[in-house]
Amino acid sequence: MTHARISLHLVLLLLFCCSSWTHAAVLVSIKPIHSLVAGIMQGVEDPQLLLSGGQSPHRYTLKPSDARNIQQADLIIWIGPEMESFLPRILTASERPNIALLDLLKSENKASHNHDHEDHAGRDPHLWLDPLLAKRVVQLIADRLSLLDPKHRGSFEKNALTLQQRLDRLHQELESRLAPVRTTPYIAFHDAYGYLEARYRLNSVGTVILDPERLSGARHIRDLQQKIRHTGVGCIFTEPQFEPRLVESLIEDTATRNAELDPLGSDLPAGPDAYFQLMRRVANQLVQCLANK
Ligand SMILES: [Zn+2]
């Protein structure tokens, strides 16, 4: 065999071997969104998760390994600077393609003159907590992935459809699960549940902290104590990403109960089911504490 033939074989071999793994490397910031992306990409490739531990994205600082992962990604999917305030600088510096879901939803709303979500929530970044909004997010991401990796468009579209049907069923389930506790007042830990509360018409009367990046001031704490004493607050929720001591002192000598509510599914195994597990658990945590009244 001549050298020319050998190198031709080598080229063909490389083309063959490598064309099967030239999938897009997709990096997703937080677990709930990662779970939806994993559902869309099922059977094609697993997306990577940036915040894989129990950290709050509101207080996260990047590690050198995160910077490396960002540098190697073909697409980074995140919520927006209101959620991952640690990301914009490095995204600009890395010049890697990225999708900020809040911007994507906003431009879609503009295009379709659908001001629904913009109006009630402004830039509440916890958009995954409404399964019907998650359906739209799934569609937007599937469309972007199809542009990035057109060879797998068929799989992305089929998976997105299955996922949207699953989200419809989840919505039905949450609707009937949450109906009995709709009117009971409660205080959430941080302002994360606007989408959930609007979708299921829940009765939130405040949050323990006003800003997840800062400590609550004395006046806000006095306001909370007033509310707890005078509005029959059934439950105050803690979150695993935050220190619960403030909640414990707030409910001392009152009839108000406390329980944990986890909007991120910190301890759940990442993957296509994580989203559904976390949403069902949020509903159960709400119902268990509020129905007890
Ligand atoms: Zn939050």
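The values are calculated or read from the model by the stated rules, or taken from the named source; none is laboratory data. Quantities reported herein were computed from a predicted structural model and do not represent experimental measurements. Cβ sites come from the backbone with ideal geometry, for glycine too, and all protein chains shown count toward neighbours. For accessibility, only protein heavy atoms count, side chains too; no ligands or nucleic acids. Shrake-Rupley method; radii C 1.70, N 1.55, O 1.52, S 1.80 Å.
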- Kindly provide the helix-only [θ] at 222 nm of the chain, computed as the sum of -39,500 (n - 2.57) over DSSP H runs of four or more divided by all residues, to the nearest 500 deg cm²/dmol? -16000 deg cm²/dmol
- Message: For region 186-293, place one equal point scatterer on every Cα, skip the solvent, and apply the Debye formula. What is log10 of I(q)/I(0) at q = 0.12, 0.19 Å⁻¹?
- Response: -0.40, -0.99
- Scattering profile of the chain from the Debye formula, Cα beads only, expressed as log10 I(q)/I(0) at q = 0.06 Å⁻¹, is -0.24
- Query: Based on the mean of other beta carbon atoms within 10 Å per residue, what is the order of 32-40, 84-92, most packed first?
  - Reply: 32-40, 84-92
- Task: Using only Cα atoms, find the angle between the long axis of helix 31-40 and the longest principal axis of the chain, and express it within 0 to 90 degrees, rounded to the nearest 10.
- Result: 40 degrees
- In terms of Cα to Cα distance under 25 Å, which lysines are near enough to Lys227, apart from those fewer than 8 places away along the same chain? Lys293
- Message: On alpha carbon coordinates alone, what is the Rg over Rh value for region 23-175, Rh being the Kirkwood radius?
- Response: 0.95
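Carbon and sulfur together cover what percent of the accessible area of region 70-194 at a 1.4 Å probe radius?
The nonpolar share, carbon plus sulfur, comes to 50 percent.
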- Note on the structure: So the angle from the long Cα axis of helix 274-290 to the longest Cα principal axis of the chain, reported in degrees to the nearest 10, equals 0 degrees
- Message: So, for region 151-293, what is the accessible surface per residue at a probe of 1.4 Å, expressed in square angstrom?
- Response: 50 Å²
